1. Could you tell me how many of the residues in the range 107-130 are free of Cβ contacts under 8 Å to residues at least 60 places away in the same chain and loosely packed, with under 14 Cβ neighbours inside 10 Å?
2. Here are the criteria: (1) modelled with pLDDT of 95 or more; (2) under 21 Å from Gly282 (Cα atoms). Tell me which single one Arg361 does not satisfy.
3. Which numbered condition in (1) among the hydrophobic types (A, V, I, L, M, F, W, C); (2) surrounded by fewer than 17 Cβ atoms within 10 Å (Cβ to Cβ); (3) at pLDDT 95 or above is the only one that Leu142 fails?
4. Within the range 218-235, track down each residue that is in a loop (DSSP other than H, G, I, E, B) and closer than 27 Å to Arg131 by Cα.
5. Against the conditions (1) among the small types (Gly, Ala, Ser); (2) over 30 Å from Val288 (Cα atoms); (3) under 18 Å from the mean Cα position of the chain (by Cα), where does Gly37 fall short? Just the number, please.
6. How about the range 458-487: which of its residues are of a type in the set (D, E, K, R) and over 15 Å from Arg22 (Cα atoms)?
7. Being assigned to a helix (DSSP H, G or I) and free of Cβ contacts under 8 Å to residues at least 12 places away in the same chain narrows it down to one residue among Arg399, Arg393; which is it?
8. For Glu273, only one of the following conditions fails: (1) over 21 Å from the mean Cα position of the chain (by Cα); (2) surrounded by fewer than 22 Cβ atoms within 10 Å (Cβ to Cβ); (3) part of a loop (DSSP other than H, G, I, E, B). What is its number?
Amino acid sequence: MADLTVVGSGPNGLVAAVVAARAGLSVRVLEAAPTLGGGVRTAELTLPGFRHDVCSAVHPAGLASPVFHKLGLIDGPHAPEWVVPEVSYAHPLPGGRAGIAWRDLDRTADGLGVDGPAWRRLVAPLLARQRGVVAFTGSQLLQVPRDPIAAVRFGLRALEQGTAAWHSRFRGDVAPALLTGVVAHAAGAMPSLASAGAGLLLAMHGHGVGWGLPVGGSQAIADALVAELRERGAEIVTDAPVRALDEVSGSRAVLLDTSPELLFSADLPGRYERALRRYRYGSGIAKVDFALDGPVPWANPAVGLAPTVHVGGSRREIALAENAVARGLQPGVSLQVSGHGGAPRHPYVLVCQPSVVDATRAPAGKHVLWAYTHVPAGSTLDATELVTAAVERFAPGFRDVVLASAASSAAEVGAYNANYVGGDIYSGELTLAQLVKRPVVSTAPWRTPVEGVYLCSSATPPGPAVHGMNGWYAAKLALKERFGIGA
């Protein structure tokens with residue numbers, strides 16, 4: 001039996017395993033699926049030669065991750081090749097207009113016209129203290145900030161953009177739409193403090209280290225971590241679902257890169273169990289992957305430069321769509337109504353076209369498109385037509401370049417990965433309350449009351465995103481408490 005067992009091979013679980021292996025422990029990784037990677041898998045989902053990211057495709061936090069740097073995932077011997085695009089993300093608008101978030105902040109501001117100075121004042125002070133912002137947002141909220149100035153700057157901006165005051169900064173419609181497209185990554189009601197905080201962090205990264213993509217797909221991140229684990233003699237087992245904690249009771253420490261649901265298989269103290277049962281999951285995603293005969297024919301050619309595109313129209317349209325989903329309305333149904341009285345005409349769709357910067361993703365001259373829209377948890381909606389129409393709105397002729405597509409409803413996403421309860425890819429609703437209690441209120445929320453068992457998934461601080469910090473914190477705690485090792 002290994003010293004330490006990791007359940008789940010997502011980026012957090014693999015980071016935790018590498019940390020333990022580097023400390024000299026024997027490590028075993030158990031993965032329920034036949035392939036490794038969890039949320040960072042890549043596969044041919046449509047046609048041969050077209051490589052699609054099965055789960056996450058956009059990694060705004062990757063290049064900024066302190067643990068990715070520490071483990072050599074950015075420039076180490078096993079590191080994937082990272083592409084840092086000149087345009088971090090784009091936001092098309094009607095009439096062929098678009099907001100373009102260049103990595104260069106000044107160039108972005110220059111393209112926003114009357115709102116350029118306001119955009120610069122929003123982001124530049126965060127960039128000036130980006131290490132402090134990353135440290136503040138990259139851990140739990142129950143902390144004394146190492147850089148109080150960075151924390152205050154970030155908090156004041158989140159307070160502005162997360163409340164009704166969000167209308168006060170911009171005068172035009174392009175800049176607020178550009179920002180709202182990033183905020184909507186957090187999949188929740190708008191405006192909200194948690195969504196605004198997430199959006200501001202991502203926007204800062206877009207003008208800082210950049211929104212990097214690993215060449216070949218997200219799987220390259222998992223492959224790099226797995227390569228080191230194999231070198232260090234770790235045992236890695238696929239097709240090995242763990243349905244109860246007593247199945248992994250032989251190790252001195254067990255780290256769960258899973259949802260908190262697995263903990264209910266143990267005898268939990270009443271207070272902790274009640275807290276876990278109050279933990280809430282968020283909306284799901286309905287995902288569609290496309291194999292394309294050529295590039296997306298965006299009405300604004302500059303949108304074609306961005307690997308990440310936020311489709312949804314104006315700030316008001318995105319807020320209507322996201323608030324409708326938060327109320328449990330199905331996008332496919334709400335699209336059939338007029339749009340008056342608060343029902344949205346158009347959904348918010350997060351699009352990634354990685355082949356515009358990574359030619360390895362598709363045969364020569366061809367492209368791949370990855371897209372999802374938020375839906376109520378457990379939805380069985382096939383979003384193919386919904387997403388196609390949303391993209392076609394800003395890229396007339398998009399249907400004509402589609403060679404094949406593959407859709408996954410929220411229910412199917414949840415069935416594919418049990419950690420995505422109801423299709424919630426964030427392992428828990430993103431609200432301010434649930435960022436404090438993730439999944440419980442504690443100064444060490446990675447520790448569970450089950451002896452030797454730690455939670456290291458996105459259901460712990462600092463929350464979702466491909467950055468590995470959850471696994472890093474949990475592994476450090478487990479090494480200290482179970483083995484007396486400082487990491």
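The values are calculated or read from the model by the stated rules, or taken from the named source; none is laboratory data. Being a predicted model, the structure only gives us computed values, none of them experimental. Cβ coordinates were reconstructed from backbone atoms using ideal geometry, including for glycine residues, and neighbour counts include every protein chain displayed.
1. 5
2. (2)
3. That leaves (3) as the condition not met.
4. Of everything in the range 218-235, just one residue is in a loop (DSSP other than H, G, I, E, B) and closer than 27 Å to Arg131 by Cα, namely Ser218.
5. Here Gly37 clears every test but (2).
6. Glu481, Arg482
7. Residue meeting the stated conditions: Arg399.
8. (3)
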